[in-house]
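Written below as structure tokens is the structure these notes are about.
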Amino acid sequence: MGLFRATAVIALCLAPTSYGFSSIKPQTVGVYRSSPSLLNVVSEPSTDAQSISSENVKNDNLIVGAGPAGLLSAIMLAKKFPDQKIKVFDRLDPPPSPTDENVWSDVAKFYLIGLGSRGQNALRQYGVWDEVEDVALQSPVMTQVLPRDKLVGVLHKHVLENYADQIELNYGYEVYPQDFAADENTAVRLTVAKCDSTERKNPSASAKTGGDEKSEICDVDETFDITANLVIAADGTARTVANAMEQSDVDKFKTMNAFQKLFAGQPFKVRRYIDDNRRVYKTVPMKIPDDWRPDLNYSARTKDGRINYDALPADRNGNYCGVLLVKEGDEFAASDTDPIKFRALLDDTLPQFSVLLDDETVAAIAKKPVSFLPSFRYAGPRLNQGDRALILGDCAHTVKPYFGLGANSALEDVVVLEEAIDETKSIPEAVHLFSKKRAKESESLVKISRELDRPGKLGFLTFILPLILDSIFSKILPKVFAPNTISMLQKEGITFTGVRRRKRFDRLGQVAIIGSGIYGFTACVKLIIRSIAKATGKNSGTITIGLFGGVVIASLLKKLAFFTKGNISPADVLTKTNDKESQK
Ligand SMILES: Cc1cc2nc3c(=O)[nH]c(=O)nc-3n(C[C@H](O)[C@H](O)[C@H](O)COP(=O)(O)OP(=O)(O)OC[C@H]3O[C@@H](n4cnc5c(N)ncnc54)[C@H](O)[C@@H]3O)c2cc1C
């Protein structure tokens, strides 16, 4: 069991909660007749609705989802186009104030996220970073940790204080696309449905589904249509807009003949991986003793991989939010488990943390329902539908939070969108350029992350073996071989596709050297035998390669011994990487 290990960016803590409701009245009102399934919302405009038709109210910019990506997109657009308006819709209530201590004092209530350089740079670019930094906690590995909802709270406050006349925030409304090329392809038409219940729920980690598309949706009884020149979908793992994009292509392809299909290009699709390594989690409020450092992340795991525990500081007073990850199907991966048995499990597997939890806390953890991590998903081969609608953030690429890349890459998407706007002369051009720049990146991010989360023996091949090889080769030949994939992902200035390419190159080089090493080593042994026999020396180059191969193989075996001691977790790798970084 590892203790006192600084994990970098794994940051999870969650509990659904509710806050005061505030909403903005819709401009048109329709009657909602059926359940709001995609693209078949039946709305019957009232007299009001007819008087404010969608043509009359064409908006400049509309953003679906007021999470980190949606709100930062709104700020980016407001800065870029000071004379334009931006409408943002979110199905939840407004976020809590980032400085309301009554809200944040319950440390196990919200999940924490770690913001690395990718996210920090994006927030800095739009003038929000200082405000985020004020309410976040700096970890020793340069990551800033704060609850996801607090980040959203900062962005929300920033909008209200700086762009109230440009950005209109609408909470308690769910949006469904209707037509991606409405009004002769000059607009996107959407239906906005008022939510009956706007209880603020964790958007990414639905208790039932792992935050996937089938998670709970608003009950609605009122809808209205709206059009916009540009639609940015940042609706997270609910993925309502991406699903509609996918359906739109399915419908389009149905009407095509074989010849047309041949030239139509690949349809827009959401790649939905089945989660074959699913873990569920429960959050644990924990206070560390006075003689433990209050700025470290603490983690531990069982050798058999049954339990993983990661605790991140929630404040500087020693209060931590721990996350207990358990394999799905485990007896404790459920609500209402037996508190006595649960205590026994903690005593057995996490004794150093178990002593910090009183019986009341243990009983509450045993009782509460589990939360799921999101599953791997990416959309492609493009991130747009038509000329005026694009997706970014979690709805374009969803990864498990082990490597702290979800929010970071979502915020980075906004920077790339701005670059695309800068490099083009019209919205359609910018939409297509953004898609071109970011679609491959989304795919690479998800594919790389998934390779690091494969179960069993496959996990050894895709996660542990590459780590071993990277740690040896980048140490012996640092100018030739890059560090392991996880630390590469955190680096600034390298794209996810670049990481993938670089690692493929490294792998080829490693295989070539190991192959040559084995060949040289064998040749060398033969030579030595022959030399001993004949008492003569031959080819010194072969001997050098042979010796090098011998060193590599010996080193490999040594590492293998370490990594195969037990079930290794992503946190271990981050720990090793970050330890090295902090020593520099
Ligand atoms: C437990 C956990 C830990 C994590 N830790 C980290 C970490 O350490 N580092 C990191 O970088 N990332 C982390 N993440 C991931 C991070 O939270 C997400 O990547 C990030 O929140 C994505 O931002 P987003 O704006 O794209 O989507 P979201 O944050 O999901 O926001 C989407 C918003 O859209 C709204 N919405 C959805 N559908 C509709 C609709 N049809 N109409 C209107 N509104 C809609 C939702 O209500 C929500 O507010 C973690 C995630 C989880 C679950």
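Observations, loosely collected:
- Subset of the range 288-315 [among the charged types (D, E, K, R) and out of contact with any Lys or Arg (no Cβ under 8 Å at 6 or more places or on another chain)]: 290, 291, 293, 301, 304, 310, 315
- Filtered residue count, the range 385-416, keeping only those that are within 21 Å of residue 454 (Cα to Cα) and charged (D, E, K, R): 2
- Lone qualifier among 88, 145, 107, 152 - being more than 22 Å from residue 416 (Cα to Cα), within 11 Å of the ligand (Cβ to nearest atom) and of a type in the set (Val, Ile, Thr): 145
For (1) in contact with a strand residue (DSSP E or B) (Cβ under 8 Å, 6 or more places away or on another chain); (2) assigned to a loop (DSSP other than H, G, I, E, B); (3) surrounded by fewer than 17 Cβ atoms within 10 Å (Cβ to Cβ), each residue gets a yes or a no:
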{"site": "94", "(1), (2), (3)": "yes, yes, no"}
{"site": "99", "(1), (2), (3)": "no, yes, yes"}
{"site": "103", "(1), (2), (3)": "no, no, no"}
{"site": "106", "(1), (2), (3)": "yes, yes, yes"}
{"site": "110", "(1), (2), (3)": "yes, yes, no"}
{"site": "114", "(1), (2), (3)": "yes, no, no"}
{"site": "122", "(1), (2), (3)": "no, no, no"}
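- Filter pass, residue 137 being crowded, with 22+ Cβ neighbours inside 10 Å and either within 24 Å of the chain's Cα centre (by Cα) or not aromatic (Phe, Trp, Tyr) (or both): no
- Selection within the range 385-412 - in contact with a Phe, Trp or Tyr (Cβ under 8 Å, 6 or more places away or on another chain), modelled with pLDDT of 95 or more and either of a type in the set (D, E, K, R) or surrounded by fewer than 24 Cβ atoms within 10 Å (Cβ to Cβ) (or both): 386, 388
- Meets criteria (within 16 Å of the ligand (Cβ to nearest atom), crowded, with 17+ Cβ neighbours inside 10 Å, of a type in the set (Gly, Ala, Ser) and assigned to a helix (DSSP H, G or I)) for residue 375: no
- Qualifying residue in the range 468-486 (condition: part of a helix (DSSP H, G or I), touching a Ser or Thr at 6+ places or on another chain (Cβ under 7 Å) and not assigned by TED's automatic domain parsing to the domain that holds residue 129): yes
- Boolean, residue 300 is modelled with pLDDT of 90 or more and under 25 Å from residue 113 (Cβ atoms): yes
- Of all residues making up the range 124-140, the number that are in a loop (DSSP other than H, G, I, E, B) and out of contact with any helix residue (DSSP H, G or I) (no Cβ under 6 Å at 6 or more places or on another chain): 4
- Count of the range 76-92 residues which are among the aliphatic types (A, V, I, L, M), modelled with pLDDT of 95 or more and surrounded by 24 or more Cβ atoms within 10 Å (Cβ to Cβ): 3
- Among residues of the range 378-401, those that are within 14 Å of the ligand (Cβ to nearest atom) and of a type in the set (Lys, Arg), counted: 1
- Residue match in the range 525-541 (condition: assigned to a helix (DSSP H, G or I), in contact with a Gly (Cβ under 9 Å, 6 or more places away or on another chain) and at pLDDT below 70): yes
The values are calculated or read from the model by the stated rules, or taken from the named source; none is laboratory data. This is a predicted model, so every value here is computed, not measured. Heads up, the Cβs are rebuilt from the backbone with ideal geometry, glycines too, and the neighbour counts pull from every protein chain shown.
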